[in-house]
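Enquirer: Can you read through this structure? Questions will come right after.
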Amino acid sequence: MPARGLRATLAGRERDAIVGPFVLVIVVMILLCVASLDVMSAARAFVGGESHWSKAQKVAVSELQHYLTTFSEHDYQAFLNAIAIPQGDRRARLELNQPSPDMSVVSREFVRGGIDEADVPGMTRLYRHAGGMRDVHKAVDAWVEGDEVIGELVRAADDIHRHALAGERDRLWIEQSRDRIRVLDARLTPLEFAFSDALGKASRETATLLRISLCAIGALLVLVATRRARRLLDERARMVEELRASDDRYQLAVAGSNDGLWDWDRRSRQVYLSPRLRQMLGMPEEQGPAHAIDVFSRLHPDDRLVARRAVVAHVRRGHPLDLQFRVPRIDGRIRWYHARGASTRAVDGMAVRTAGSVTDITERREADAMLFAAKERAEVTLQSIGDAVITTDARGFIDYLNPSAERLTRWSMELAHGLPVASVCRFVSEANRQPMSDPVGQVLQRQAAWGSPDKLLLMHADGWSVAVDLTVTPIRDRLGATSGVVLVMRDVSSEREHAAQLSYQASHDPLTGLINRREFERRLAQAMHGTQSAGSSFAVLYVDLDQFKVINDTCSHAAGDELLRQLAALFGTVVRSSDAVARLGGDEFVFLLENCEEEAALAVAESLRTAIGDHHFAYRQHSFVISASIGMVSIDATRSITDDILGAADAACHLAKEKGRNRVQTYHLDNDEVAVRQSEMCWVGRLQRALSTGQLVLYAQDILDLRQTRNRRHFELLLRMRDEDGSLIPPRAFIPAAERYGLMPSIDRWVVHAAFTGLRTLATREPTNTPPLCSINLSGTSLCDVDFTAYLREQFALFGIAPSTICFEITETAAISSLSRAIAFIEDMRALGCRFSLDDFGAGMSSFTYLKHLPVDFVKIEGSFVKDMLHDPIDYAMVEAINKLGHATGKRTIAECVSSGPLLDEVRRLGIDFAQGFIVDAPRPFMPMDRSTTA
């Protein structure tokens, strides 16, 4: 150890030995004083709290006695206010008895008991940690007993208050109550004195104990400080002696090394190890001289014998001491060290004293190993990677080719070594087959990496070529100078073939080989742009096979796929090669006939329809006749159309199917049928958005009981859709589209859920306005939905709606179109208690015979008959006949569209049971929060 370090250590120990005991004494004294003040303050706080407690108890007893005289609620409230102080202390005590008390509750209740909030922490510590003291325990017992008497006093007060409120105030009871209160007060007084006396004694004993402890600890600390100083003086003498030896060892160590230092005395057989060397060997520090066996035991087992032989050869025969060895560490790692040493020798040549240094060479050996491994990895990697790698020297001559480069260039390493790269590799542009300038020369000249922006081909002498990606990077030495170039080439032929295949698959249908919808829409957009810019014309044909599902259902989907492939081949024989033919999906195809006038396009469409009809399709033992419906849209510079050309063609195709299939339907702006069909198709998206964004709303219209007009009216729920501008759209605008495209089941479910939600809200907010019967319209599609019955049962259970308050309205045509399913549905719901109404009855006269088979409760007379019955005798006769027929089958009748007073009087005169119309009630928002909106 250096002398300067030893002296610094000695000075530090002397300072610690002198100053440390005094600091410790002062800290302990301060802590004892703080503890004594804390105990005294807590005891004082308890005594003060007891004063508040006893005063409040006395006031409470006085107010209760006064209450027995006045029976005034003010006096009883005064009693409760006074008794709240002892009760607050009781609740705080009970909370402190918990294993983990809530200190917010303790503080709140103590403050309520008249104790300052600053005293609460000290009281808490005294109560929880000094409870084992005899006097503190007595005080707590007196407190507990006092709380029990307080509880009896509170129960007595409750009993007195209850009897007083009941009017039981006879004199005997009053006197007994006064005696009871005096007895309890007499029991509390000695408990209060006992609590105060016990706390006083505890406080005095605590103060005495703290004084004795303070003196004892002070004396003890003085003894410890004295002993510590004596030991320091002894240690100082020993360290002075060691300092002299350390100076000698330090001088010898400087001659050997400045790393880990060691010193071996042959006479004492002891080895001195510097702290650094102890750290290297993983030995504990500050343990004095070590033995040689301790040092050798730290070495790796494979190096111990070699190290012993080297030391013996140095000591006995004067051989140089220079060896490398390993030392295992606790964490499992191995460290390498290099030891060197020198000796002072006796006359016989034997070493008397040897010293030297130990250097950690782990990083150097690891760097050498890593360098070797990196070289091996680089060589193996270059031999195994798929990319072709060529390295050159500073002049651009080839030094190395890996096997991939040999295969790609068709040159061996032996033949290519020393040749310029341009002699082995000739690159041309894939786009124009023009030769590329030598990339190696460019890198050597510019001193920067090079990469071609164009696609390259590697050419060979025999004309064979391969597509490659090429990068050329300079190789730099430590000074940054270019010492060579590395070329990396990758064969991308298969990748480009795969990319071309993916591009084809992205734009073509995999089954038929025709282009897909995405590619067709791109070409259609180009055609539209050409029409706008150059005035060219084009036509779009939308082809949908008729009865294609029959083939799939009869012969499996494999037959359908085969038919689609045959038709795809057939289409190529009908249209021009420049025309685009796409399969949109399923059995739907679309044609783009560019530069084609309307008459020519119509001729192509008819030829296409005829060719499809003439095509004979046979699959196994089955044979089919094929036909198609075709919708056509023709566009030129003089004819404008919306951007949705495919939608227009689709609408025309649907109309062709409705007109009997196997025909061509042309779209024109003045064709109302196609326009209606396209409008219905546009409604599909709007209805789906309305269902998801809450744009559908319900309105209610009352139905008047003409027999007993004072009865509460029931009403029918009417569906509306709110437009983007906030206006209301009537159902006749969107219901046909919903029925045609299968959206009615979703709409009916929404209506049921919204209706039940509103009925439950009305029953909660306005129970007097809840109707006795609510009519909800259902579509024919929902009647045929086997899951709709289960959905209704679920909604009834979910909302708690009584089925007897719900009447489902079904149209006459919907019921008759699926009579058996309608009857089954009605019977299931009637079994729950629901009622049914047959809506728009009379619109189809052929259904009169079905009326007696439908188990409905109401028959609603078609409004077109009702509104003109005063002026049209036939309508009048129809209304009268339907009313009589309904009554004859046991059903009640409802007249719709009653819009005037005279019409209402005539309906009543005919004996119709109910009336509905604007003269009775205008439609209004169903829910109360929506009633600011008008119908």
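The values are calculated or read from the model by the stated rules, or taken from the named source; none is laboratory data. Keep in mind that this is a model prediction, so the values were computed, not measured. Ideal geometry is used to build each Cβ from the backbone, glycine not excepted, and the neighbour counts take in all protein chains shown.
Enquirer: What number of residues within segment 273-290 are more than 22 Å from I361 (Cβ to Cβ) and in a strand (DSSP E or B)?
Expert: Number satisfying all stated conditions: 1.
Enquirer: Something else about it: Scan segment 612-627 for residues that are more than 18 Å from A568 (Cβ to Cβ) and either hydrophobic (A, V, I, L, M, F, W, C) or assigned to a strand (DSSP E or B) (or both) and jot them down.
Expert: H622, S623, V625
Enquirer: Is at least one residue of segment 564-579 of a type outside the set (F, W, Y), at pLDDT below 85 and assigned to a helix (DSSP H, G or I)?
Expert: no
Enquirer: Name the residue that is surrounded by the fewest Cβ atoms within 10 Å (Cβ to Cβ), counting only residues in segment 398-408 that are touching a residue at least 24 places away in the same chain (Cβ under 8 Å) and within 15 Å of V486 (Cα to Cα).
Expert: D399
Enquirer: Report whether or not A416 is in the same structural domain as D477 (by TED's automatic domain parsing) and surrounded by 11 or more Cβ atoms within 10 Å (Cβ to Cβ).
Expert: Against the criterion (in the same structural domain as D477 (by TED's automatic domain parsing) and surrounded by 11 or more Cβ atoms within 10 Å (Cβ to Cβ)), A416 qualifies.
The rows are residues; the columns are (1) under 15 Å from L706 (Cβ atoms); (2) surrounded by fewer than 18 Cβ atoms within 10 Å (Cβ to Cβ).
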residue	(1), (2)
V866	yes, no
A888	no, yes
I894	yes, no
F914	yes, no
V920	yes, no
P925	no, no
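Enquirer: Go through (1) out of contact with any Phe, Trp or Tyr (no Cβ under 8 Å at 6 or more places or on another chain); (2) modelled with pLDDT of 80 or more for P435 and report which single condition fails.
Expert: If we test P435 against (1) out of contact with any Phe, Trp or Tyr (no Cβ under 8 Å at 6 or more places or on another chain); (2) modelled with pLDDT of 80 or more, just (1) comes out false.
Enquirer: Okay, moving on. Picking from D636, D587, which residue would you name as being surrounded by 13 or more Cβ atoms within 10 Å (Cβ to Cβ), more than 50 Å from the chain's Cα centre (by Cα) and touching a residue at least 40 places away in the same chain (Cβ under 8 Å)?
Expert: Just a single option satisfies the conditions, and that option is D636.
Enquirer: If you don't mind, there's one more thing I want to ask. So, in segment 868-880, of the ones that are acidic (D, E) and under 12 Å from G842 (Cα atoms), which residue ends up surrounded by the fewest Cβ atoms within 10 Å (Cβ to Cβ)?
Expert: E880
Residue by residue, here is whether (1) closer than 14 Å to L64 by Cβ; (2) crowded, with 16+ Cβ neighbours inside 10 Å holds:
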{"residue": "R134", "(1), (2)": "no, no"}
{"residue": "A139", "(1), (2)": "no, yes"}
{"residue": "W143", "(1), (2)": "no, yes"}
{"residue": "E148", "(1), (2)": "no, no"}
{"residue": "A157", "(1), (2)": "yes, yes"}
{"residue": "I160", "(1), (2)": "yes, yes"}
{"residue": "R171", "(1), (2)": "no, no"}
{"residue": "A186", "(1), (2)": "no, no"}
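Enquirer: In segment 34-137, which helices (runs of 4 or more DSSP H) lie fully inside it and hold 3 or more residues that are modelled with pLDDT of 80 or more?
Expert: 73-96
Enquirer: Condition (residue is farther than 26 Å from I475 by Cβ and surrounded by 13 or more Cβ atoms within 10 Å (Cβ to Cβ)) applied to segment 370-392: is it met by at least one residue?
Expert: No, there is no match, as no residue in segment 370-392 is farther than 26 Å from I475 by Cβ and surrounded by 13 or more Cβ atoms within 10 Å (Cβ to Cβ).
Enquirer: Taking the condition of being surrounded by 14 or more Cβ atoms within 10 Å (Cβ to Cβ) and farther than 23 Å from S465 by Cα, how many residues in segment 489-512 meet it?
Expert: 4
Enquirer: While we're looking at this one, here's another question. Take Q270 and decide whether it is modelled with pLDDT under 85, more than 23 Å from R364 (Cβ to Cβ) and in contact with a Pro (Cβ under 6 Å, 6 or more places away or on another chain).
Expert: For Q270, the condition - modelled with pLDDT under 85, more than 23 Å from R364 (Cβ to Cβ) and in contact with a Pro (Cβ under 6 Å, 6 or more places away or on another chain) - is met.
Enquirer: Right, here's the next one. Filter segment 820-842 down to the residues that are farther than 28 Å from T757 by Cα and surrounded by 15 or more Cβ atoms within 10 Å (Cβ to Cβ), then identify the one that is modelled with the highest pLDDT.
Expert: The residue in question is F841.
Enquirer: Inspect all residues belonging to segment 519-532 and state whether any of them is of a type outside the set (F, W, Y), touching a residue at least 40 places away in the same chain (Cβ under 8 Å), touching a helix residue (DSSP H, G or I) at 6+ places or on another chain (Cβ under 6 Å) and surrounded by fewer than 20 Cβ atoms within 10 Å (Cβ to Cβ).
Expert: Yes, segment 519-532 contains at least one residue that is of a type outside the set (F, W, Y), touching a residue at least 40 places away in the same chain (Cβ under 8 Å), touching a helix residue (DSSP H, G or I) at 6+ places or on another chain (Cβ under 6 Å) and surrounded by fewer than 20 Cβ atoms within 10 Å (Cβ to Cβ).
Enquirer: Shifting gears a bit: Please enumerate the residues belonging to segment 451-487 that are crowded, with 17+ Cβ neighbours inside 10 Å, within 21 Å of S423 (Cβ to Cβ) and within 47 Å of the chain's Cα centre (by Cα).
Expert: V468, L470, V472
So that you can scan it fast, the table gives a plain yes or no per residue for (1) of a type in the set (D, E, K, R); (2) at pLDDT below 80:
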residue: R722; (1), (2): yes, no
residue: A737; (1), (2): no, yes
residue: D748; (1), (2): yes, no
residue: G758; (1), (2): no, no
residue: P767; (1), (2): no, yes
residue: S775; (1), (2): no, no
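Enquirer: Answer yes or no as to whether S483 is free of Cβ contacts under 8 Å to residues at least 60 places away in the same chain and hydroxyl-bearing (S, T, Y).
Expert: No; evaluated as a whole, the condition is false for this residue.
Enquirer: In the list A763, A738, A754, which residue meets the criterion of being without any contact (Cβ under 8 Å) to a residue 24 or more places away in the chain, surrounded by 14 or more Cβ atoms within 10 Å (Cβ to Cβ) and over 15 Å from M829 (Cβ atoms)?
Expert: None of the others qualify; the one that does is A763.
Enquirer: Select from segment 414-432 the residues that are within 14 Å of V468 (Cα to Cα) and in a loop (DSSP other than H, G, I, E, B) and write down the one among them that is modelled with the lowest pLDDT.
Expert: A431
Enquirer: Report, ordered by the first and then the second residue, all pairs with beta carbons closer than 7 Å, sequence separation of six or more or different chains, a first member in segment 247-270 that is not assigned by TED's automatic domain parsing to the domain that holds D360, and a second member that is assigned to a helix (DSSP H, G or I) and modelled with pLDDT under 75.
Expert: Pairs that qualify, where the first residue is not assigned by TED's automatic domain parsing to the domain that holds D360 and the partner is assigned to a helix (DSSP H, G or I) and modelled with pLDDT under 75, are D247/A3.
Enquirer: Among (1) among the β-branched types (V, I, T); (2) under 16 Å from Q57 (Cα atoms); (3) at pLDDT below 75, there is one condition V140 misses while meeting the rest; what is its number?
Expert: Result: V140 fails condition (2) only.
Enquirer: Of all residues in segment 291-338, which are within 60 Å of the chain's Cα centre (by Cα), touching a residue at least 12 places away in the same chain (Cβ under 8 Å) and part of a helix (DSSP H, G or I)?
Expert: D302, D303
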